[in-house]
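A short reminder: the numbers here are calculations on the coordinates, not readings from a lab. Fair warning: this is a prediction, and the values are worked out from it, not measured in the lab. Using ideal geometry, Cβ is built from the backbone for each residue, glycine included, and neighbour counts are taken over all protein chains shown.
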């Protein structure tokens with residue numbers, strides 16, 4: 001799909017649930033959220049059906065998200081069915097890692113093409129403060145379990161908050177000690193993230209270069225998204241930055257999002273989009289659903305405007321409700 005700004009849209013992030021077993025401070029209130037009823041959540045066969053229509057319109061890559069996607073029972077079956085969908089070339093998943101040790105083998109057997117693990121600190125106290133849970137050991141066990149399957153790339157995602165410089169370097173050092181990329185993601189003012197303070201890419205790079213020496217920029221494109229990378233001497237993996245605020249990349253955006261309730265979002269900031277669940281469940285033809293998708297993409301905004309304090313159409317939901 002090509003939108004009105006000439007961007008090729010070939011990547012979709014599909015949320016399979018708004019439920020999560022952590023309570024990260026930028027994502028979900030400590031007391032949790034009013035959960036969507038099971039009747040309102042898309043069934044697996046509905047997701048697969050829509051995936052086929054998305055593929056016919058030009059989508060080639062799918063990222064499964066949540067909430068926490070591994071709390072959805074039989075998630076590996078969905079992976080297998082999506083992998084068998086004509087036109088879909090890649091199915092990956094992002095997870096907080098707490099259930100990954102138990103699910104790794106099944107995901108690999110289902111054909112998963114990559115796993116991103118959210119790990120915001122290796123310091124137990126920092127991890128507890130950010131997630132409000134004491135699950136760091138389980139995340140690390142999940143990471144080690146995935147290392148048994150070197151054919152499946154693993155990336156570490158760290159949301160940049162006010163972690164200590166030593167904590168940031170400790171997380172980055174995973175890319176030194178293991179052949180995995182570690183990506184630092186700038187805090188975005190969505191939901192609870194609006195009240196969280198983060199570090200810019202420049203601040204992070206300064207901290208990292210003080211510890212590891214100068215980083216060499218990588219010019220080749222790695223992965224499906226907007227991340228750009230640097231290489232530090234002696235590192236097996238690379239250090240990446242996803243900097244939507246300080247290094248706006250909307251002109252290269254190639255993605256859309258489908259919430260767990262079947263709402264197609266074309267930009268993270270805005271609540272505009274189109275409901276696909278209702279027409280899907282009331283017998284709309286594939287042609288009609290495809291036209292709804294194409295129409296939504298044709299109205300995809302040119303960019304976010306987080307720094308402009310936009311009020312109209314601004315997304316008010318928590319990240320767990322949108323899909324990470």
**Prompt:** Expressed as a rounded percentage, what relative contact order does region 64-185 have, with Cα pairs under 8 Å and six or more residues apart?
**Reply:** 24 percent
**Message:** Can you compute the modelled spin-label distance between residue 303 and residue 278, with each label point 7 Å from Cα toward Cβ, in nm?
**Reply:** 3.4 nm
**Request:** Return one number: the angle in degrees, 0 to 90 and rounded to the nearest 10, between the long axis of the Cα atoms of helix 44-57 and the longest principal axis of the Cα atoms of the chain.
**Result:** 90 degrees
**Prompt:** In percent, how large is the relative contact order of the chain, given Cα pairs closer than 8 Å and 6 or more residues apart?
**Reply:** 22 percent
**Request:** Please give the contour-minus-distance gain from residue 197 to residue 294: 0.36 nm per residue of separation, less the Cα-Cα distance, rounded to one decimal in nm.
**Result:** 31.3 nm
**Prompt:** Label point 7 Å out from residue 35 along Cα-to-Cβ: which residues of region 83-122 have amide N under 19 Å?
**Reply:** 95-100
**Asked** What's the center-to-center distance, using Cα atoms, between region 121-174 and region 276-295 in Å?
**Response** 40 Å
**Linear extension gain, residue 286 paired with residue 46, 0.36 nm per residue minus alpha-carbon span** = 85.2 nm
**Request:** Considering Cα pairs under 8 angstrom that are at least six residues apart, work out the relative contact order of region 1-75 and quote it in whole percent.
**Result:** 55 percent
**Item:** Values of log10 I(q)/I(0), in the order q = 0.18, 0.20, 0.23, 0.26 Å⁻¹, for region 110-155 under a Debye, Cα-only, solvent-free model
**Value:** -0.58, -0.67, -0.80, -0.91
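Pull up the DSSP beta bridges for the chain and report the antiparallel fraction as a percent, rounded to 5. Walk me through the numbers before you get to the answer.
Numbers: 13 of 43 bridges.
That works out to approximately 30 percent antiparallel.
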**Fill in**
Kirkwood-based Rg/Rh on the Cα set of the chain evaluates to 0.94
